[in-house]
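Presented below is the structure to which this report refers.
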Ligand code: S3P
């Protein structure tokens, strides 16, 4: 499916975005291994999270979906059963990597696969620490890299102390989940803080995970307990409207009930550094996660440097930040963002290539990109590469482009934001 968009002379709206993807995945996974019922409200019914539900159903868990309410009838830490089919994670790296950690400590074997994009993404980053814990994981080997499909043979696990070579919440979470099944206390050392939804939610359900500076210490527990979980709006989805509201003329947008976990708000810090007017109101703490309504207004932006420990706090937002940078006066430099190369697409290449087509002065570097902003954006035909975040970022660029923009293969937005284009039309 292709979408053609025109620029808008103002954007106004007061709305909520769909539930947080990272938290929705975790609610189903952790609810499944908790004792008793977990009721999830505000669940993201995007394709990635539906893949997680489908995998846990195949692992013997009864899960009911009613709109954005999901009821998970958890069977306890040792209640999963051997699947009779291959577990298919679709496009979801979070499902693949977290579930690997969970499955290597079970008393059965299984096979995990996913779509063409997933089969290219590195899995050695999880199999390496998990193997040190005693896990038996095998897969496709391509030029020394371990790729899906993965075969996981359940085994008994031992605790480890592991320093993450890359800042990745998926790898950290995978080890934490294996740690729930290991003998002893597992310690993980992060090079930079990454999203901590796993730690927050597992503790909310009865785990004993401590944070001590850069160390995450997972003490063994006998059981987790099912509870009610309220999922806040996804800041990664709100990001498109934050940028749109700031770069479109005559605009004012309020996005209600968004998760503002400190490990996720790099986009707010960067847009503020660039000169954006952003206000957070109605701050709350829900199930351990901070939330707020985010208000943005048309603002004059200037270029900035984005590097170092803020990168994991905005890694998924870099494509749309590049659009903001194109509308800012001066140069924006993104550094230390090599991880973009192993996302749903190589997002350094795909962002640079498509924004260039729109007339933006943008160059690829080995660990990011350089954008010389303030030179305007022109409408043209662009590709999504079946990457949801590329499709949505291009749509934001289209809102301020001269002339029409056509984006090809836009159905991929269903991965994280079903109805994204209806939201754009309604603004
Ligand atoms: C996620 C972690 C990040 C992020 C992804 C979701 C998670 O990936 O890019 O969209 O839910 O833990 P990495 O852990 O690979 O950085």
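The values are calculated or read from the model by the stated rules, or taken from the named source; none is laboratory data. Because the structure is predicted, anything quoted here is derived from the model rather than measured. Heads up, the Cβs are rebuilt from the backbone with ideal geometry, glycines too, and the neighbour counts pull from every protein chain shown.
Residues of segment 332-355 being closer than 20 Å to residue 92 by Cα and without any contact (Cβ under 8 Å) to a residue 24 or more places away in the chain, which ones?
Matches in segment 332-355: 341, 346, 348.
Just need a number here: residues in segment 207-253 that are free of Cβ contacts under 8 Å to residues at least 24 places away in the same chain and closer than 30 Å to residue 9 by Cβ.
Within segment 207-253, residues that are free of Cβ contacts under 8 Å to residues at least 24 places away in the same chain and closer than 30 Å to residue 9 by Cβ number 0.
For residues that are surrounded by fewer than 22 Cβ atoms within 10 Å (Cβ to Cβ) and outside any loop (DSSP other than H, G, I, E, B), tally how many sit in segment 383-409.
Within segment 383-409, residues that are surrounded by fewer than 22 Cβ atoms within 10 Å (Cβ to Cβ) and outside any loop (DSSP other than H, G, I, E, B) number 4.
Six or more apart or on different chains, Cβ atoms under 7 Å: show the pairs whose first residue is in segment 145-169 and in contact (Cβ under 8 Å) with a residue 12 or more places away in the chain and under 13 Å from residue 110 (Cα atoms) and whose second is within 16 Å of the ligand (Cβ to nearest atom) and part of a loop (DSSP other than H, G, I, E, B).
Note: pairs meeting the criteria are 148/114; 148/123; 150/123.
Could you tell me whether any residue of segment 118-129 is touching a residue at least 24 places away in the same chain (Cβ under 8 Å), more than 20 Å from residue 345 (Cα to Cα) and either surrounded by fewer than 22 Cβ atoms within 10 Å (Cβ to Cβ) or not assigned by TED's automatic domain parsing to the domain that holds residue 54 (or both)? I'd like the intermediate steps shown before the answer.
Initially, segment 118-129 is screened for residues touching a residue at least 24 places away in the same chain (Cβ under 8 Å), giving 118-123, 125-127, 129.
If we keep only those that are more than 20 Å from residue 345 (Cα to Cα) as well, we get 127, 129.
When the remaining residues are screened for being either surrounded by fewer than 22 Cβ atoms within 10 Å (Cβ to Cβ) or not assigned by TED's automatic domain parsing to the domain that holds residue 54 (or both), the result is none.
Within segment 118-129, none of the residues are touching a residue at least 24 places away in the same chain (Cβ under 8 Å), more than 20 Å from residue 345 (Cα to Cα) and either surrounded by fewer than 22 Cβ atoms within 10 Å (Cβ to Cβ) or not assigned by TED's automatic domain parsing to the domain that holds residue 54 (or both).
Could you tell me which residue of segment 86-106 is farthest from the ligand (Cβ to nearest atom), considering only residues that are over 15 Å from residue 177 (Cα atoms) and over 15 Å from the mean Cα position of the chain (by Cα)? Reasoning before the result, please.
Restricting attention to segment 86-106, the residues satisfying the condition of being over 15 Å from residue 177 (Cα atoms) are 86-93.
Now restrict to residues that are over 15 Å from the mean Cα position of the chain (by Cα): 86-88.
On the way: 86: 22, 87: 18, 88: 18 Å.
Residue satisfying both the conditions and the ranking: 86.
In segment 212-236, what residues are surrounded by 13 or more Cβ atoms within 10 Å (Cβ to Cβ), under 22 Å from residue 260 (Cα atoms) and at pLDDT below 95?
214
Going by the conditions given, is residue 193 in contact (Cβ under 8 Å) with a residue 24 or more places away in the chain, crowded, with 16+ Cβ neighbours inside 10 Å and more than 15 Å from the ligand (Cβ to nearest atom)? Can you show your working first?
Numbers: in contact (Cβ under 8 Å) with a residue 24 or more places away in the chain: yes; crowded, with 16+ Cβ neighbours inside 10 Å: yes; more than 15 Å from the ligand (Cβ to nearest atom): no.
The answer is no for residue 193.
Just to be sure before I move on: is residue 184 over 21 Å from residue 74 (Cα atoms), more than 13 Å from the ligand (Cβ to nearest atom) and either surrounded by 22 or more Cβ atoms within 10 Å (Cβ to Cβ) or more than 23 Å from the chain's Cα centre (by Cα) (or both) in the structure I sent?
On the way: over 21 Å from residue 74 (Cα atoms): yes; more than 13 Å from the ligand (Cβ to nearest atom): yes; either surrounded by 22 or more Cβ atoms within 10 Å (Cβ to Cβ) or more than 23 Å from the chain's Cα centre (by Cα) (or both): yes.
Considered against the rule, which asks whether it is over 21 Å from residue 74 (Cα atoms), more than 13 Å from the ligand (Cβ to nearest atom) and either surrounded by 22 or more Cβ atoms within 10 Å (Cβ to Cβ) or more than 23 Å from the chain's Cα centre (by Cα) (or both), residue 184 comes out as yes.
Looking at (1) over 15 Å from the mean Cα position of the chain (by Cα); (2) assigned to a helix (DSSP H, G or I); (3) within 16 Å of the ligand (Cβ to nearest atom), can you tell me which one residue 50 breaks?
(1) is the only condition that residue 50 fails.
As an exercise: evaluate residue 172 against (1) more than 16 Å from the ligand (Cβ to nearest atom); (2) surrounded by 15 or more Cβ atoms within 10 Å (Cβ to Cβ); (3) not assigned by TED's automatic domain parsing to the domain that holds residue 418 and give the number of the one condition it does not meet.
(1)
Going through 83, 18 one at a time, which residue ends up being over 17 Å from the mean Cα position of the chain (by Cα) and either under 29 Å from residue 411 (Cβ atoms) or surrounded by 23 or more Cβ atoms within 10 Å (Cβ to Cβ) (or both)? Step through it out loud before you land on a result.
On the way: 18 fails: over 17 Å from the mean Cα position of the chain (by Cα).
Only one candidate qualifies: 83.
Here are some conditions: (1) crowded, with 22+ Cβ neighbours inside 10 Å; (2) touching a residue at least 40 places away in the same chain (Cβ under 8 Å); (3) under 24 Å from the mean Cα position of the chain (by Cα). Residue 204 meets all but one. Which one does it not meet?
Just one mismatch for residue 204, condition (1).
Do any strands (runs of 3 or more DSSP E) entirely within segment 102-182 hold 2 or more residues that are within 22 Å of residue 341 (Cβ to Cβ), and if so, which? Step through it out loud before you land on a result.
Numbers: elements: 109-113, 136-142, 145-153, 161-163.
In segment 102-182, the matching strands (runs of 3 or more DSSP E) lie at 136-142, 145-153.
Does segment 129-142 contain any residue that is touching a helix residue (DSSP H, G or I) at 6+ places or on another chain (Cβ under 8 Å) and within 29 Å of residue 37 (Cβ to Cβ)?
First pass over segment 129-142, keeping only residues touching a helix residue (DSSP H, G or I) at 6+ places or on another chain (Cβ under 8 Å): 129-130, 133, 135, 137, 139-140.
Subsequent filtering for residues that are within 29 Å of residue 37 (Cβ to Cβ) retains none.
No, segment 129-142 contains no residue that is touching a helix residue (DSSP H, G or I) at 6+ places or on another chain (Cβ under 8 Å) and within 29 Å of residue 37 (Cβ to Cβ).
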